[in-house]
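Notes follow once the structure below has been shown.
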Amino acid sequence: MFRRFEYVSPLNLQEAIQTLTKHEQAVVFAGGTDLLPGLRLKSGSKKLLVDIKRCPELKGIKEEQDHLSIGALTTIREIQQNQLIKEKYRALWDAANVFGCLEIRNRATVGGNIVHASPGAESGTPLFAFEAEVEITGLQERRVVPIREFWLDAGKVDLGSGEIVSRILLPKHEREVDSRYARVSRVKGMDLAALGITVVVIDPGSPDTREIRVALSAVERTPYRNSEAEAILSHRELDDSIIAFAKERLIASIHPRETSLRARPEYKRAMVGNLLERLLKEMGVYR
Amino acid sequence: MITTSNEDYRRVDALEKVTGEAEFIDDLQFPGMLFAAILRSPYAHARIKSINIDNARKLDGVHAVIPGSESKEYVINLGIGDQHPMAVDKVRYMGEPVAAVIADNRWVAVEALDLIEITYEILEPVLTIKDALKDGAPLVHEKQGNYRRKEGGEYKKNSNIFHHYKLRKGDIERGFADADLVIENTFVMPHRAHCQIEPHGAIARWTSEGKLELYSSTQSPFFVRNCLAEVFNIKSSDITVRVKYIGGGFGGKSDVTIEALVAFIARYVPTRYVKLTLQREEAFTGTVVGRGAEIQVKTGVKRSGEITAEKLTFSIASGAYGSYSLHIVTAGGHNGSGPYEIKNVFADSYGVYTNQPPVGAFRGYSHPESNWAVERQRHIIARKLGIDPVDFRLKNILKPGSFNTLGQKIEKHHGNLEGCLKAVAERLNKIDKEELKRKQPDRYFGKGIAAIMKSPVMATNSASSAILRFNQDGSVDVACSGVEMGQGTKTALRQIAADALGFPLSEVRIKINIDTDISPYGWQTIGSTTTWKAGMAILDAARKAIAVIKENASLVLGAPPDDLEYDGERVFLRGQKKKSLPVKDLIFGYMYPDGRVVGIPVQTYGTYIPEGLTHPDPETGQGNCAAEWTFGAQGALISIDPVTWEVTVLKLLTAIDAGKVINPVLARNQIIGGMVQELGGALSERIIYSGEGTMRNNNFTDYKIPTPEDVADTQMEVIFFETPEPIGPFGARGIAEHGTVGICAVIGNALSDALGVEIKELPLSAETINKYMQQKRK
């Protein structure tokens, strides 16, 4: 059962930011899929929920000059239904497809999915591997930070008081890009990822110039990439020994939690390797 | 499908439920009703040093704050008097109530909980059967000898064993000596949660006369009434228990869960209604959990495939209080070997206290537990002997003329186990694994089979009853024992009533709610017995009603009742259809045009009680402990992803001898529901405890039940056999739990078939399979 709380619903972003700045107990309420369960705890008492769903500035997916702009309030369902994302940012689309359940996808927002800095967040690895940027709007200024720097630690992000994530910016591809997301979970339906992996391949057709990025979720305190493993995989033809070497480096570099309820470290390690191989095969860059 | 006239199988509760009109406990509101919240122990095992309720009491809107120590005089005794409504001096599981608040509303009640200060001295918890049985293990209950026990069974002083049942049939040593091969394995099944869609709720009020009015989401209103009468030392007739719809039971709302707690705290605010509806987390930690078994099986077998001996040790990590699993432990012993005729059986079953929530009834009641062990064992033996697993089973199954472990003689009318096994085998044999492999060469495929049986485990005096009351418009109202919790029994019982009276369904209404003041008595809604037993009571009442109708008609027609015939619409003289009277004109006696009335109103009461049940013999464990048996077989086809080791279930099937299918739609759904529920146990469900004994996944984020996606690729097939059961209505027998019984074993056997690994633990998750495959490759 929810604890008692207050609720306001500002009509624009500035008003929302002002409310957030003024009230110590204020918390941003977007989709609520992470926030509301927390309101049942003692720590959820007497919060002021600032419902930002009526702020028009935070909505919509737009193609802009050098990036694809995704409003923070964009729901996972909207990502799932967006043709451009499906074609150009396939891993993000893949992740949206297995995100929660339909009801959750209708409510949960992209902004909400990254601001909790959950190590296992479904959209975390695709946004990380596409090197997305986060636009943050505060009372005085607007700033843009790379998503890598936005996540500080599990549950901690670079967001000051009164600041709101307003947009997520996905860089436009200058070259051909293919990507995939895969995960393991305990049931096939609604579940959190026990482990998620995004592989982005830039210039898939030409091994010399090809760049491969690998992002993992739920193996470190924030979504994780390993530059060594990426370097081993990039700019060359992939054969069994290269794959084995990259897998070994990648697996050795991670520290999955012993106490995770979703999977034991041994299983996560095994799956990092297995899924990396599967996704590379799926994209036709390794046979 | 009992007559051709009644082909409307729609549920009586369908419309009410889809429109939201159906009333559940949390929908009930009463003037001046207060709300309770419970402070629960965060520790699995701790001594309560002090409770300070002063600050909580001062909060505006708080009516009472009750420390558990005040419940000391009240003892819940469903077999062993080892429990109070709340923890008194120590807590024995995480989630045990230690204090309660009653307030104007839920918010205040919850805020007041924050203000209660408790100091604990943490004790070492006992979390596994192995640890509980170690010499010098901490004792969950230090003074077992002081507890009042209602039944036989042994406990062991200064140990955590609170119940020991033994079964002795034949000469076990000789049986093993006769064997060519002896195989021994240990199988485990973790604790699971029932996950009813509706969490438990209760509303209690004590009247100024000291009588108790209780609304509850219980499966067992009369049982609760009786139990509470003992707890509070009042007459059971001074307690009224009312039950509306229940949103799922699965055994987790049978026996007594929160009723004693709510009734106890309501004493602090006499004449006021006090409501407690559990939060989801509390439904996990604050009621009962299921399963939690460890089963050692040692089997002696001849090269020919004949089983010569079986030795079983069946133990339940029963949690902090023993009554709820007492009979699960006993049944695990007496049904443990499954549907086989084995000359020499030696079984011991143990109820073991642990610092976990008490284990209670869970759909299947010891049968899925023992089936998991024994049917895996059958598979392993068949592989070792190089015999087809179906042939191996067929060689040993119970057949007409054989004696089961209890010493009961099996007759043809008990059901066609052989037919069920062959039906499942035939369907599985048709599936060509090579063909599947050609289509999906990178996946593994496996098939598994298991024989199943289940008997209701029940009190020897478990009665059912029914009332038929006729209305002026000629229709009839049926009230009978049994709670509607989603299983659909009231729909089937209405069909039975219509058929027995020869009425169209439209003229039969059935009462859903139970009120112990006026409803016909019913022991408990458990053990897959309601359609059978309440059905028999309805048949009894219908026979009596027809007799009265004929009696009335005989006075008008001037012929003895024996010469009259009844067809549901009219009563007529045998052979002279023209000399007849409409039934409608006979149900309040018959009135002549001048107003004279002859005969009596028709309102009848019917009862049923299974005959000849006995307690098991204390030495051999045998006896007439099961009133009926339902036999069947189950099978599965699975495919496995070689990258993640995720299992996809392509086919689940059950063949079952239902005796008579009353409602084909509901019967099929009931079996499928059972299969899917247990599939969760096979693949993903288990309660996870920390090393300190706290439950780590008491929520749906981390306790994973199957989702629609998990069965989206699963073809479900249910095959009914109908060998009439003489003591069942129209030959019907129980089927409600049976879909669960063999599912863990069939998935385990299919994995062995696909991958050649023999997994003996659950769930058979991708992670577990990965572990076994890595070991295999080493």
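The values are calculated or read from the model by the stated rules, or taken from the named source; none is laboratory data. Remember, it's a predicted structure, so these values are computed and weren't measured experimentally. All Cβ positions, glycine included, derive from the backbone under ideal geometry; neighbour counts span all protein chains shown.
The residues listed here are B:D131, B:D135; of these, the one that is assigned to a helix (DSSP H, G or I) and either more than 14 Å from chain A (Cβ to nearest Cβ) or at pLDDT below 95 (or both) is B:D131.
Residue-by-condition table, conditions (1) within 14 Å of chain B (Cβ to nearest Cβ); (2) crowded, with 23+ Cβ neighbours inside 10 Å:
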residue: A:E176; (1), (2): no, no
residue: A:V187; (1), (2): yes, no
residue: A:M190; (1), (2): yes, no
residue: A:A215; (1), (2): no, yes
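B:F223 - would you say it is touching a residue at least 12 places away in the same chain (Cβ under 8 Å) and in a strand (DSSP E or B)? Don't jump to the end; show me each part of the working.
Values: touching a residue at least 12 places away in the same chain (Cβ under 8 Å): yes; in a strand (DSSP E or B): no.
No.
When A:R183 is tested against (1) within 20 Å of A:V285 (Cα to Cα); (2) away from chain B (no Cβ under 14 Å), only condition (2) is not met. Within region B:618-639, can one find any residue that is at negative phi and within 14 Å of chain A (Cβ to nearest Cβ)? Within region B:618-639, one or more residues are at negative phi and within 14 Å of chain A (Cβ to nearest Cβ).
Output the number of residues of region A:246-267 satisfying the condition of being under 22 Å from B:R696 (Cβ atoms) and more than 9 Å from chain B (Cβ to nearest Cβ). Steps first, please.
Kept after step one, since they are under 22 Å from B:R696 (Cβ atoms), are these residues of region A:246-267: A:255-267.
From the residues that got through so far, the ones that are more than 9 Å from chain B (Cβ to nearest Cβ) too are A:255-258, A:260, A:265.
Residues in region A:246-267 being under 22 Å from B:R696 (Cβ atoms) and more than 9 Å from chain B (Cβ to nearest Cβ): 6 in total.
Screening B:G734 on (1) away from chain A (no Cβ under 14 Å); (2) surrounded by fewer than 22 Cβ atoms within 10 Å (Cβ to Cβ); (3) not in a helix (DSSP H, G or I) shows it passes everything except condition (2). Only a single item in (1) surrounded by 13 or more Cβ atoms within 10 Å (Cβ to Cβ); (2) farther than 30 Å from B:I51 by Cα is not met by B:D135, and it is number (1).
Would you point out which residue out of B:I66, B:I51 is more than 20 Å from B:H200 (Cβ to Cβ) and either out of contact with any Pro (no Cβ under 9 Å at 6 or more places or on another chain) or not assigned by TED's automatic domain parsing to the domain that holds B:S690 (or both)? Let's see the steps before the verdict.
Working: B:I66 fails: more than 20 Å from B:H200 (Cβ to Cβ).
Selected residue: B:I51, the only one of B:I66, B:I51 that is more than 20 Å from B:H200 (Cβ to Cβ) and either out of contact with any Pro (no Cβ under 9 Å at 6 or more places or on another chain) or not assigned by TED's automatic domain parsing to the domain that holds B:S690 (or both).
Within region A:192-206, restricting attention to residues that are of a type outside the set (D, E) and more than 13 Å from chain B (Cβ to nearest Cβ), which residue is surrounded by the most Cβ atoms within 10 Å (Cβ to Cβ)? Outline the logic, then answer.
Applying the first criterion (of a type outside the set (D, E)) to region A:192-206 yields A:192-202, A:204-206.
Applying the additional criterion that residues be more than 13 Å from chain B (Cβ to nearest Cβ) yields A:198-202, A:204-206.
Numbers: A:T198: 30, A:V199: 28, A:V200: 28, A:V201: 25, A:I202: 17, A:P204: 19, A:G205: 12, A:S206: 10.
Here the answer is A:T198.
Please find, among A:L102, A:L68, A:L39, the residue that is in contact (Cβ under 8 Å) with a residue 24 or more places away in the chain, under 30 Å from A:L280 (Cα atoms) and within 14 Å of another protein chain (Cβ to nearest Cβ). Spell out the reasoning first.
Values: A:L68 fails: within 14 Å of another protein chain (Cβ to nearest Cβ); A:L39 fails: under 30 Å from A:L280 (Cα atoms).
Every option except A:L102 fails the conditions.
Only one of the numbered conditions (1) within 13 Å of chain B (Cβ to nearest Cβ); (2) touching a residue at least 24 places away in the same chain (Cβ under 8 Å) is not met by A:V219, and that is (1). For region B:671-702, residues that are more than 9 Å from chain A (Cβ to nearest Cβ), part of a loop (DSSP other than H, G, I, E, B) and hydroxyl-bearing (S, T, Y) total 1.
Pairs only if they're at least six apart or on different chains, beta carbon under 7 angstrom, first in region B:496-511 and farther than 17 Å from B:K584 by Cβ, second in a strand (DSSP E or B) and among the charged types (D, E, K, R); list them, first residue then second. Hits for this filter: B:K511/B:D477.
Kindly evaluate B:I431 against the criterion of being buried (at least 21 other Cβ atoms within 10 Å of the Cβ), farther than 23 Å from B:F730 by Cβ and not assigned by TED's automatic domain parsing to the domain that holds B:V243.
No: the conditions fail for B:I431.
Before we move on, is B:I183 among the aliphatic types (A, V, I, L, M) and surrounded by fewer than 24 Cβ atoms within 10 Å (Cβ to Cβ)?
Working: among the aliphatic types (A, V, I, L, M): yes; surrounded by fewer than 24 Cβ atoms within 10 Å (Cβ to Cβ): yes.
Considered against the rule, which asks whether it is among the aliphatic types (A, V, I, L, M) and surrounded by fewer than 24 Cβ atoms within 10 Å (Cβ to Cβ), B:I183 comes out as yes.
Taking region B:261-278 as the range and being more than 14 Å from chain A (Cβ to nearest Cβ), over 16 Å from B:S41 (Cα atoms) and outside any loop (DSSP other than H, G, I, E, B) as the test, the residues that pass are B:V262, B:A263, B:F264, B:I265, B:A266, B:V274. Listed by position, the strands (runs of 3 or more DSSP E) inside region B:558-666 whose residues that are of a type in the set (A, V, I, L, M) number at least 2 are B:570-573, B:597-601, B:630-640, B:647-657.
Could you tell me which of the residues B:K651, B:K578, B:K584 is basic (K, R) and assigned by TED's automatic domain parsing to the domain that holds B:S337? Lay out the reasoning, then the answer.
On the way: B:K578 fails: assigned by TED's automatic domain parsing to the domain that holds B:S337; B:K584 fails: assigned by TED's automatic domain parsing to the domain that holds B:S337.
Unique residue meeting the criteria: B:K651.
B:T723 falls short on exactly one of the conditions (1) free of Cβ contacts under 8 Å to residues at least 60 places away in the same chain; (2) of a type in the set (S, T, Y); (3) away from chain A (no Cβ under 14 Å), and that condition is (1).
Any residue at all in region A:225-234 that's in contact (Cβ under 8 Å) with a residue 60 or more places away in the chain and either more than 10 Å from chain B (Cβ to nearest Cβ) or within 28 Å of B:Y689 (Cα to Cα) (or both)?
yes
One residue stands out among those in region B:83-104 that are over 17 Å from B:L278 (Cβ atoms) and in contact (Cβ under 8 Å) with a residue 60 or more places away in the chain: the one that is nearest to the other protein chains (Cβ to nearest Cβ), which is B:D104. Among the residues of region B:105-127 satisfying the criterion of being within 11 Å of chain A (Cβ to nearest Cβ) and in a helix (DSSP H, G or I), which is surrounded by the fewest Cβ atoms within 10 Å (Cβ to Cβ)? Among those that are within 11 Å of chain A (Cβ to nearest Cβ) and in a helix (DSSP H, G or I), it is B:D114. Regarding region B:568-585, can at least one residue be identified that is within 30 Å of B:Y365 (Cα to Cα) and touching a helix residue (DSSP H, G or I) at 6+ places or on another chain (Cβ under 7 Å)? Looking through region B:568-585, none of the residues is within 30 Å of B:Y365 (Cα to Cα) and touching a helix residue (DSSP H, G or I) at 6+ places or on another chain (Cβ under 7 Å).
Taking region B:706-719 as the range and being within 9 Å of another protein chain (Cβ to nearest Cβ) and surrounded by 20 or more Cβ atoms within 10 Å (Cβ to Cβ) as the test, the residues that pass are B:P706, B:D710.
Scanning region B:157-201 for residues that are more than 27 Å from B:G351 (Cβ to Cβ) and aliphatic (A, V, I, L, M) yields B:A177, B:A179, B:L181, B:V182, B:I197. Kindly check whether there is at least one residue in region B:149-160 that is touching a residue at least 12 places away in the same chain (Cβ under 8 Å), surrounded by 16 or more Cβ atoms within 10 Å (Cβ to Cβ), assigned to a strand (DSSP E or B) and not aliphatic (A, V, I, L, M). Within region B:149-160, one or more residues are touching a residue at least 12 places away in the same chain (Cβ under 8 Å), surrounded by 16 or more Cβ atoms within 10 Å (Cβ to Cβ), assigned to a strand (DSSP E or B) and not aliphatic (A, V, I, L, M).
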